[in-house]
Amino acid sequence: MQTEQQNNATKPKTLHYNNLSVSLHWLMALMVVALFALGFWMVDLTYYSSWYKTAPYWHKSIGILLFALLLLRLFWRFKTGKPEALASQNMKLQQVAAIVHMLLYLLLFSIVLTGYLISTADGRGIEVFSWFELPALGELFAEQADIAGALHKWFAYVLMALVAMHAAGAVKHHFVDKDATLKRMWWHKN
């Protein structure tokens, strides 16, 4: 019986992310930007707007779907690991990248959690694309919707700043450093 370390040693090393990881990355990136734009726009809607109920419905449904994809992505990353670091990237750069990725995951989780706390403070569940209703836990602490709402907004702003930094770093690697950082997060033939 081989140990896990021996199994990992026999896995072929690659410089590319697998196609499922790439698909999840780009789909989630699109969803994050769309959710931010939708959330930024919908907070100024008035009761008389035709989008007053529709926009939050879509925002919540897409947010719950994003959370499911986040869980799938974390599971898949744990199961398959990640590619080897590029030889051109020093240890300090790898550490910064690891911290940024951890913060991105933590912020995504925090934004979904605070969104859930906002939406369910009144005891109503969240209808997700008319597929199912996510049950509510109700108000767990005083002024839950207001506190969670403020945190949700600021977490989203910080997330977008990190997303911009992440994207700028990828563009720098591609055009300035001319390394394979961006190419490895693109679909490839196995």
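The values are calculated or read from the model by the stated rules, or taken from the named source; none is laboratory data. As the structure is a prediction and not an experimental result, all values here were calculated from the model. Counting neighbours? That spans all protein chains shown, and the Cβs are built from the backbone with ideal geometry, glycine included. Side chains are part of the model used for accessible areas, which takes the heavy atoms of the whole protein and leaves out ligands, DNA and RNA. Shrake-Rupley method; radii C 1.70, N 1.55, O 1.52, S 1.80 Å.
Under the rule that an exposed site lies in a DSSP loop and has at most 13 other Cβ atoms within 10 Å, name the longest stretch of the chain with no trypsin sites (Lys or Arg not before Pro) of that kind, not counting the sites themselves.
The answer is 54-123.
Quick check: pseudo-label points 7 Å beyond the Cα along Cα→Cβ at K183 and T14, how many nm apart are they?
1.6
What accessible surface, in Å², does a 1.4 Å probe find on W154, ignoring ligands, DNA and RNA and rounding to the nearest 10?
150
What is the percent carbon and sulfur in the accessible area of the chain, measuring with a 1.4 Å probe over the protein chains and ignoring ligands? Present the calculation step by step, with values, prior to reporting the outcome.
Numbers: 8760 of 12840 Å².
Whole-percent figure for carbon plus sulfur exposure: 68.
Answer rounded, prolate or oblate for the range 37-128, using the Cα gyration tensor with square roots of eigenvalues a ≥ b ≥ c: rounded when a/c is under 1.5, else prolate when a/b is larger than b/c, else oblate.
Cα axes put the range 37-128 in the prolate bin.
Send over a whole-number figure in Å² for the accessible area per residue of the chain, probe 1.4 Å. Walk me through the numbers before you get to the answer.
On the way: 12840 Å² over 190 residues.
Spelled out: the 1.4 Å probe surface of the chain, per residue, equals 68 Å².
Given the options H59, G115, F78, identify the residue whose Cα lies farthest towards the positive end of the charge dipole of the chain (+1 on Cβ of Lys, Arg; -1 on Cβ of Asp, Glu).
Farthest towards the positive pole: F78.
Taking the simple approach of a point 7 Å from Cα along Cα-to-Cβ for both L45 and V22, what is their distance in nm?
So the label points at L45 and V22 sit 3.6 nm apart.
How would you classify the range 104-179 from its alpha-carbon gyration tensor, with a ≥ b ≥ c the square roots of the eigenvalues: rounded for a/c under 1.5, else prolate if a/b is greater than b/c, otherwise oblate?
Prolate is the answer for the range 104-179, as a/c is 1.5 or above and a/b outweighs b/c.
Out of these labelled values of Kirkwood radius over Cα pairs in Å, (1) 18.8; (2) 18.3; (3) 16.8, which was calculated from the coordinates shown here?
Of the labelled values, this structure produces (1).
In sequence order, what are the phi-derived ³J(HN,Hα) couplings for the range 86-98 according to the Karplus relation 6.51 cos²θ - 1.76 cosθ + 1.60 with θ = phi - 60°, rounded to whole Hz, with x for glycine and proline?
For the range 86-98, the Karplus curve yields 6, 4, 6, 9, 6, 4, 4, 5, 5, 5, 4, 4, 5 Hz.
Hey, what number do you get for the chain at 222 nm if only DSSP H runs of n ≥ 4 count, each worth -39500 (n - 2.57), divided across all residues, to the nearest 500?
Taking each H run of at least 4 residues, the total per residue is -21500 deg cm²/dmol.
Run the dipole for the range 1-146 about the Cα centre, Lys and Arg Cβ at +1, Asp and Glu Cβ at -1, nothing else charged, and hand back the magnitude in debye, nearest 20.
760
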